[in-house]
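Structure first, commentary second.
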Amino acid sequence: MTLLITLTIILALIGLIVLGLNNANAKVKKAPLAYPMETYLAQPEGEEGYITREDGTKIRYITTGSGQPIVLAHGYGISLSEWNIVSADLVQKGYKVIMFDQRGHGKSTIGTDGIGSQSMASDYKAVLEYFDVKDGIIVGHSMGGFLLTVFMLTYPEIVQARLKGAMLMATFAGDINRKNLQNKVQIPLIKNGILIPIVKSEMMAIPFVRSLMGDKPDMGMVRGFLDVFLRLDHKVLIPILQAFGDESYYHRLGEIDLPVTVIVGSKDQTTPPFHSNDLAAGIKGAKLRRVEGKGHMLNWEAPGMLVEEIVALAEGQAVLN
């Protein structure tokens, strides 16, 4: 009888979980799209090409527009496609936009230097030099911001010669598992190859992507992210996932000598706002902006506000704290 009662309770709990997931998923499915579905799924327009690194890595880029250069570096598990809305807005405002796939992501390959914070940060140097960027702004999202921090600390002479400012968006300077149960669960699941099969099920895919969003996710954001995430070979990316937790650069942030804007969604669960608070506190003169009700994917959740802050940096109007 005790076993029967236990099984009944377990089945009841499973039923409640499934019901809860179905109800939450239904809300996302019914949510109005902020942009047409094809916009979320589209590749950014522009000239496509490749930069070949010394170790054989081929970095795919798309560049579009003319004017002051804005370099956009995407986060883990996605590609330069995440900038499809932001890049178009920046071009309309008169800027040249340079986007690239991080090595091992999108159409970029991995050379003999492999995947790691130093090899990937060196790709930033290669992009800036290839396009002969002068007076540029560089934006790093999530992993892209982590690598941007490593780049700025490793190549200060390039920073001074080529950049006018930097934006650290929904990101961190290492120690990503600190006070974060979500990352402590999701990152090992990715490393062990468990997460991908799970999120191929729509019932689990929507909650997974929903965890990256703030108050108003929609199916465009879900499909736009999964369309890239599920195609990646995450096994080869394990070293950079490991670096997120093993490395920390918070104690070196004072070495960064550049106007920096730090921007984060108040509902960001992947890189919670305390990371941004620490970044802004550690970088002399950094500006901090928190976007209420938004999550980790500000490129789709608040592209207008993001562009506004990028333009402010480009024009030298990012008011310091």
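Listing for the model above:
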{"quantity": "Candidates ASP268, ASP278, filtered to the one that is more than 26 Å from ASP135 (Cα to Cα), among the acidic types (Asp, Glu) and buried (at least 22 other Cβ atoms within 10 Å of the Cβ)", "calculated": "ASP268"}
{"quantity": "Some residue of the stretch 152-167 being surrounded by 17 or more Cβ atoms within 10 Å (Cβ to Cβ) and under 30 Å from GLY220 (Cα atoms)", "calculated": "yes"}
{"quantity": "Unmet criterion (only one of (1) in contact with a Lys or Arg (Cβ under 6 Å, 6 or more places away or on another chain); (2) outside any loop (DSSP other than H, G, I, E, B); (3) among the aliphatic types (A, V, I, L, M)) for VAL127", "calculated": "(1)"}
{"quantity": "Count - residues of the stretch 156-205 that are closer than 27 Å to ARG252 by Cβ and part of a loop (DSSP other than H, G, I, E, B)", "calculated": "10"}
{"quantity": "Given (1) in contact (Cβ under 8 Å) with a residue 12 or more places away in the chain; (2) part of a helix (DSSP H, G or I); (3) exposed (fewer than 15 other Cβ atoms within 10 Å of the Cβ), number of the condition ALA312 does not satisfy", "calculated": "(3)"}
{"quantity": "Residue selected from the stretch 191-210 under the condition touching a helix residue (DSSP H, G or I) at 6+ places or on another chain (Cβ under 7 Å) and in contact (Cβ under 8 Å) with a residue 60 or more places away in the chain, by the criterion surrounded by the most Cβ atoms within 10 Å (Cβ to Cβ)", "calculated": "ILE206"}
{"quantity": "Hits in the stretch 284-303 (condition: over 17 Å from the mean Cα position of the chain (by Cα) and closer than 25 Å to LEU212 by Cβ)", "calculated": "ALA286, LYS287, LEU288, GLU292, GLY293"}
{"quantity": "Among the residues listed as LYS93, LYS27, LYS107, LYS58, the single one being within 27 Å of VAL307 (Cα to Cα) and either at pLDDT below 95 or out of contact with any helix residue (DSSP H, G or I) (no Cβ under 8 Å at 6 or more places or on another chain) (or both)", "calculated": "LYS107"}
{"quantity": "Selected residue [buried (at least 20 other Cβ atoms within 10 Å of the Cβ), assigned by TED's automatic domain parsing to the domain that holds LEU168 and more than 18 Å from the chain's Cα centre (by Cα)] from THR57, THR64", "calculated": "THR57"}
{"quantity": "Residue under evaluation ASP215, criteria (1) outside any helix (DSSP H, G or I); (2) at pLDDT below 95; (3) in contact with a Leu (Cβ under 6 Å, 6 or more places away or on another chain), criterion not met", "calculated": "(3)"}
{"quantity": "Flag for ALA302 being under 20 Å from THR270 (Cβ atoms), free of Cβ contacts under 8 Å to residues at least 60 places away in the same chain, of a type in the set (Gly, Ala, Ser) and surrounded by 13 or more Cβ atoms within 10 Å (Cβ to Cβ)", "calculated": "yes"}
{"quantity": "Residue list for the stretch 252-280, filter: assigned to a helix (DSSP H, G or I) and in contact (Cβ under 8 Å) with a residue 12 or more places away in the chain", "calculated": "ARG252, LEU253, GLY254, GLU255, PRO273, PHE274, HIS275, SER276, ASP278, LEU279, ALA280"}
{"quantity": "Boolean, GLY140 is surrounded by fewer than 22 Cβ atoms within 10 Å (Cβ to Cβ) and either touching a residue at least 40 places away in the same chain (Cβ under 8 Å) or assigned to a helix (DSSP H, G or I) (or both)", "calculated": "no"}
{"quantity": "Verdict on LYS93 being basic (Lys, Arg), surrounded by 18 or more Cβ atoms within 10 Å (Cβ to Cβ) and touching a residue at least 60 places away in the same chain (Cβ under 8 Å)", "calculated": "no"}
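The values are calculated or read from the model by the stated rules, or taken from the named source; none is laboratory data. Everything numeric here is computed off the predicted structure, so don't read it as measured data. Quick reminder, even Gly has a Cβ in these numbers, built from the backbone with ideal geometry, and neighbours come from all protein chains shown.
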